[in-house]
Amino acid sequence: QVQLVESGGGLVQPGGSLRLSCVASGFIFTMYDMSWYRQAPGKGRELVAGVISPNGRPNYAEPVKGRFTISRDNAKNTVYLQLNSLKPEDTAVYYCKATNWRGSVYWGKGTLVTVSS
């Protein structure tokens, strides 16, 4: 059974930091590209950051470059997203996504990040 379970979200003040985790199970983690998406209230889902398998160069959306860092630990079947210098506009549900070259796609259920004073 394929599962992607996100954690680490919460309420943080502007300028603060959080680290999100996504633990994968039920598939061969090293064969999948991993990425983080987010969906703010009333908006569509957008790509935040991605890292190709097994340890490719990460890529980032412009709004988060220099503030967010994606990494993966293949031994733990986990992908992380470090969020620094958070802004109110970063408030969203953050989702983990796994994709492979065959077109298989898996999504987690998301974790809520709220940036507010």
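The values are calculated or read from the model by the stated rules, or taken from the named source; none is laboratory data. Just so it is clear, the model here is predicted, and its values are computed rather than measured. As a convention, Cβ positions derive from the backbone with ideal geometry for all residues, glycine included, and neighbour counts pool all protein chains shown. These accessible areas exclude ligands, DNA and RNA; they are computed on the full protein's heavy atoms, side chains included. Shrake-Rupley method; radii C 1.70, N 1.55, O 1.52, S 1.80 Å.
General observations
- Counted residues, region 108-117 - those being part of a strand (DSSP E or B) and crowded, with 18+ Cβ neighbours inside 10 Å: 3
- Any hit, region 22-42, residues being among the aliphatic types (A, V, I, L, M), within 11 Å of the chain's Cα centre (by Cα) and within 19 Å of residue 115 (Cα to Cα): no
- The listed residue being out of contact with any strand residue (DSSP E or B) (no Cβ under 7 Å at 6 or more places or on another chain), modelled with pLDDT under 95 and over 19 Å from residue 3 (Cα atoms), out of 66, 103, 56, 44: 56
- Test: residue in region 27-39 that is among the basic types (Lys, Arg) and loosely packed, with under 13 Cβ neighbours inside 10 Å: no
- Checking each residue in region 67-100 for being assigned to a loop (DSSP other than H, G, I, E, B) and touching a residue at least 12 places away in the same chain (Cβ under 8 Å) picks out 67, 74, 76, 77, 84, 85, 86, 87, 91, 100.
- Going through (1) acidic (Asp, Glu); (2) surrounded by 13 or more Cβ atoms within 10 Å (Cβ to Cβ); (3) farther than 15 Å from residue 111 by Cα one by one, residue 90 falls short only on (3).
- Breaking point among (1) among the hydrophobic types (A, V, I, L, M, F, W, C); (2) surrounded by 15 or more Cβ atoms within 10 Å (Cβ to Cβ); (3) without any contact (Cβ under 8 Å) to a residue 12 or more places away in the chain, for residue 105: (2)
- Within region 10-21, the set of residues being open to solvent by 30 Å² or more (accessible area, probe 1.4 Å), of a type outside the set (A, V, I, L, M) and either within 15 Å of residue 114 (Cβ to Cβ) or free of Cβ contacts under 8 Å to residues at least 12 places away in the same chain (or both) comprises 13, 14, 15, 17.
- Note on region 66-87: among residues that are of a type in the set (Lys, Arg) and over 14 Å from the mean Cα position of the chain (by Cα), the one that is most open to solvent (accessible area, probe 1.4 Å) is 76.
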